[in-house]
Amino acid sequence: IQDVITTKQLTHLAGNPISFVSCSTNPTDEEKNTILELKQAWLTKNMEVALFESYKMEKTTGDTAFCGYLDENKEFGWRTFGYANGETLFPSYDAMTGKLSRFARRYTSDGQLKVDVWDNTYFYSYISDNGEWKEASAKVKHGFSRIPIAYKRNDIGACWSLVQDAIDKYEIAISQLCESNKAYAFRVMFIKGDDVDIQPDANGVPSVIVG
């Protein structure tokens, strides 16, 4: 049932591709070229896949993060983080503006606990050594004008959380029905006669014939 709910919501969210529309009533040639370049880059970088992965992570585990990066050739790339990947996410927000100012991702790699951190300028990492955190890599500039992380958290948790109690009751009812059918719906022995009584055991399964 959880899968059905998730699939339905993902279909509504990501069933159609993102469309780009210029807000200008009389766009210039430069604005038209910018829109075209944005559309092409969106397709080239598989941003629809990035959106779908982020949607699915948030719908199934309650939070997700999209991370942009520039490789050694200054080419843009992206990653998605979430609990389904074995990662715990820690956003930190500016007290005055409420904007994301620092972000940490904790995970296990090669049997060691690690933390990656992004802020508005740098990226750096720490590693746990016998319970003590040590710097695993020096600070390096990530190349963006601000923190390249988009974080989304759903306070209710997974998308089916509000109806989890109803799902549990439904599954219990179906299970009880199946057990009842196993005992009564497919009999292989027929008994005829007067004063014949079938007595169940403590689990409700017929076990004694009294006649």
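With all protein chains present, how much of the accessible area of segment 24-117 (probe radius 1.4 Å) comes from carbon and sulfur, to the nearest whole percent? Working shown, then result.
Numbers: 3070 of 6020 Å².
It is 51 percent, rounded to a whole number.
Please arrange GLU87, GLU75 by accessible surface area, largest first, computed with a 1.4 Å probe and ligands excluded.
Working: GLU87 15, GLU75 95 Å².
If we order GLU87, GLU75 from most to least accessible, we get GLU75, GLU87.
What distance in nm lies between label points placed 7 Å from Cα along the C-beta direction at ASN33 and THR88?
For ASN33 paired with THR88, the spin-label model returns 5.0 nm.
For segment 87-211, report the convex hull volume of the alpha-carbon atoms normalised per residue, in Å³, without decimals.
Working: hull volume 30.6 nm³, N = 125.
Considering the Cα atoms of segment 87-211, their hull volume per residue is 245 Å³.
For segment 24-67 and segment 84-116, what is the separation of their Cα centres, given in Å?
Using only Cα atoms, the two centres lie 23 Å from each other.
How large is Rg/Rh for segment 68-146, to two decimals, with Cα atoms and a Kirkwood Rh?
Working: Rg = 13.5 Å, Rh = 13.8 Å.
Answer for segment 68-146: 0.98.
Taking +1 at the Cβ of each Lys and Arg and -1 at the Cβ of each Asp and Glu, which of TYR69, MET47, SER92 sits farthest along the dipole of segment 1-148 towards its positive end, judged by Cα position relative to the Cα centre?
SER92
Rolling a 1.4 angstrom probe over the protein chains, ignoring ligands and nucleic acids, what is the accessible area of LEU51 in square angstrom, nearest 10?
The accessible area comes out at roughly 50 Å².
On C-alpha positions alone, give me the angle between the axis of helix 164-184 and the longest principal axis of the chain, in degrees, nearest 10.
Computed tilt is about 30 degrees.
Quickly estimate the mean residue ellipticity at 222 nm for the chain, helices only: each DSSP H run with n ≥ 4 gives -39500 (n - 2.57), and the total goes over all residues, rounded to 500. Mind dumping the intermediate values first?
On the way: 4 runs with 65 residues, N = 211.
So the helix-based figure for the chain works out to -10000 deg cm²/dmol.
Using the Kirkwood formula over every pair of different C-alpha atoms, what hydrodynamic radius in Å results for segment 1-73?
Working: mean 1/r = 0.0679 Å⁻¹.
Kirkwood radius, segment 1-73: 14.7 Å.
Comparing GLY62, GLY111, GLY157, which has the greatest mean-square fluctuation in the GNM of the chain with Cα pairs linked when under 10 Å apart?
Its mean-square fluctuation being the largest, the pick is GLY111.
Counting Lys +1, Arg +1, Asp -1, Glu -1, what net charge surrounds GLN176 among other residues with beta carbon under 15 Å of its beta carbon?
On the way: positive: LYS169, LYS182; negative: ASP168, GLU171, GLU179.
Here the count lands on -1.
Pick from TYR124, TYR69, TYR93: which is most flexible by mean-square fluctuation in a GNM of the chain where alpha carbon atoms under 10 Å apart are linked?
Among TYR124, TYR69, TYR93, the largest GNM mean-square fluctuation belongs to TYR93.
What full-extension length gain, to one decimal in nm, is calculated for LYS141 and ASP71 as 0.36 nm per residue of separation minus the Cα-Cα distance?
Stretched out fully, the LYS141 to ASP71 stretch lengthens by 24.0 nm.
Which part of segment 1-40 falls in the paramagnetic zone of ILE172, meaning amide N under 20 Å from the point 7 Å along Cα-to-beta-carbon?
In segment 1-40, the label zone of ILE172 (backbone N under 20 Å from the point 7 Å along Cα→Cβ) covers 1-2.
Whole number in Å², please: accessible area per residue of segment 1-111, 1.4 Å probe, ligands, DNA and RNA not counted. Intermediate results must be reported in sequence, preceding the final value.
On the way: 7600 Å² over 111 residues.
Averaged over the residues of segment 1-111, the accessible area is 68 Å².
Given the options ILE198, ILE174, ILE149, which has the most mean-square fluctuation in a GNM of the chain, springs set between C-alpha atoms less than 10 angstrom apart?
Of ILE198, ILE174, ILE149, the most mobile in the Gaussian network model is ILE198.
Give me Rg over Rh for the chain, both radii from the alpha carbons and Rh done the Kirkwood way, two decimal places. Walk me through the numbers before you get to the answer.
Details: Rg = 28.1 Å, Rh = 22.6 Å.
Dividing the radius of gyration by the Kirkwood radius yields 1.24.
The values are calculated or read from the model by the stated rules, or taken from the named source; none is laboratory data. Since we're looking at a predicted model, the values are computed, not measured. Every residue, glycine among them, receives a Cβ derived from its backbone with ideal geometry; neighbour counts consider all protein chains shown. Calculation scope for accessible area: heavy atoms of the full protein, side chains included, ligands and nucleic acids excluded. Shrake-Rupley method; radii C 1.70, N 1.55, O 1.52, S 1.80 Å.
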